[in-house]
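A short write-up of the structure that comes next.
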Amino acid sequence: MIIKHLFKLFILLFIFSCHNETHISKIEGKRIEINADIASDTAIENFIKPYRENVNKNLDSIISYAPETYSKTDGELNTAIGNLMADAVFEESNPVFKQRTGKNIDLVLLNHGGIRSIISKGNVTTRTAFEVMPFENSVVVVAMKGEQVLDMMQYLAQAKRAHPVSNHLQLELGKDFEISSATLNGKPIDKDAIYHVATNDYLYNGGDRMTFFHPNDSLYVLDYKIRNVLIDYFKKKDTINPKRDNRFIKLED
């Protein structure tokens, strides 16, 4: 009998609640600005302080030395810092790629806009690598037909920017930025051959309008961040000494 009455009570409550539903008619809010006027929480600051100090200690650890300041604006079509980055990607990535595939990387192409900071004269630290490459871009190697590599050469000629390329390439442009000569490892580019081009995942996916990576024969993901490439490269060099050279130039008028 008690159970029967409880059941009836439950049914009445359910019916009552169904006829008295709450409906939201308006939502109001206000902007809470986050700025320097907000007082810090001492307890939180004390908690994260040792972690912050440890991170800063690691970032500021000296791993190389730069005898000069290097900027991406120090050349028309190739720069010392861009050459360093492209050559570092080859030097650090090619052993990984060769171990996995038995093949070598033929060319490295990065983008001028991906260089986000100078390398200042003096000590090179882990923080330097984070400043130059703050993004999470990773190295990929694309197996491309020579015909697509020739399209890449046309892109570089028309872009008129110092997109970093490794020293395997020698690209010469005429006075009107037309291609005068393009060779890989001293040989003309064979439009029917397959070349293995290292780049980053952003460019592979069409960044900077680099659409020539598709379609392709195959893609190899090395799971190796460009930033980590730089850190590994710097650690192997007591003193870095990148130079502008003739890998990508415009012939004199």
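Just a few scattered comments:
- Within the set Glu45, Glu28, the sole residue that is more than 25 Å from the chain's Cα centre (by Cα), acidic (Asp, Glu) and surrounded by 10 or more Cβ atoms within 10 Å (Cβ to Cβ) turns out to be Glu45.
- Test: residue in segment 61-80 that is within 13 Å of the chain's Cα centre (by Cα) and without any contact (Cβ under 8 Å) to a residue 60 or more places away in the chain: no
- Subset of segment 190-214 (residues that are among the β-branched types (Val, Ile, Thr) and either surrounded by 20 or more Cβ atoms within 10 Å (Cβ to Cβ) or not in a loop (DSSP other than H, G, I, E, B) (or both)): Ile194, Val197, Thr199
- Total residues in segment 112-144 satisfying the condition of being in a strand (DSSP E or B) and either β-branched (Val, Ile, Thr) or on the phi < 0 side of the Ramachandran plot (or both): the figure is 11.
- All conditions but one from (1) free of Cβ contacts under 8 Å to residues at least 24 places away in the same chain; (2) more than 15 Å from the chain's Cα centre (by Cα); (3) not in a helix (DSSP H, G or I) apply to Lys98; the one that does not is (3).
- Answer residue from segment 101-120, given it is free of Cβ contacts under 8 Å to residues at least 60 places away in the same chain and in contact with a Gly (Cβ under 9 Å, 6 or more places away or on another chain) and is surrounded by the fewest Cβ atoms within 10 Å (Cβ to Cβ) among those: His112
- Cβ pairs under 8 Å, 6+ apart, first in segment 172-200 and without any contact (Cβ under 8 Å) to a residue 40 or more places away in the chain and closer than 27 Å to Ser218 by Cα, second surrounded by 14 or more Cβ atoms within 10 Å (Cβ to Cβ) and among the charged types (D, E, K, R): Ala182/Glu172
- Restricting attention to segment 217-253 and to residues that are among the acidic types (Asp, Glu) and not in a helix (DSSP H, G or I), the residue that is nearest to Val124 (Cα to Cα) turns out to be Asp238.
- Any chance Ser64 is among the hydroxyl-bearing types (Ser, Thr, Tyr), in a strand (DSSP E or B) and either surrounded by 12 or more Cβ atoms within 10 Å (Cβ to Cβ) or at pLDDT 95 or above (or both): yes
- Taking each residue of segment 128-154 that is within 16 Å of Ile105 (Cα to Cα) and free of Cβ contacts under 8 Å to residues at least 24 places away in the same chain and looking for partners that are polar (S, T, N, Q) and buried (at least 22 other Cβ atoms within 10 Å of the Cβ) with beta-carbon atoms closer than 6 Å, six or more apart or interchain, yields nothing.
The values are calculated or read from the model by the stated rules, or taken from the named source; none is laboratory data. Just so you know, these numbers come straight off a predicted model, no measurement behind them. Note that we place each Cβ from the backbone using ideal geometry, even for glycine, and neighbour counts take in every protein chain shown.
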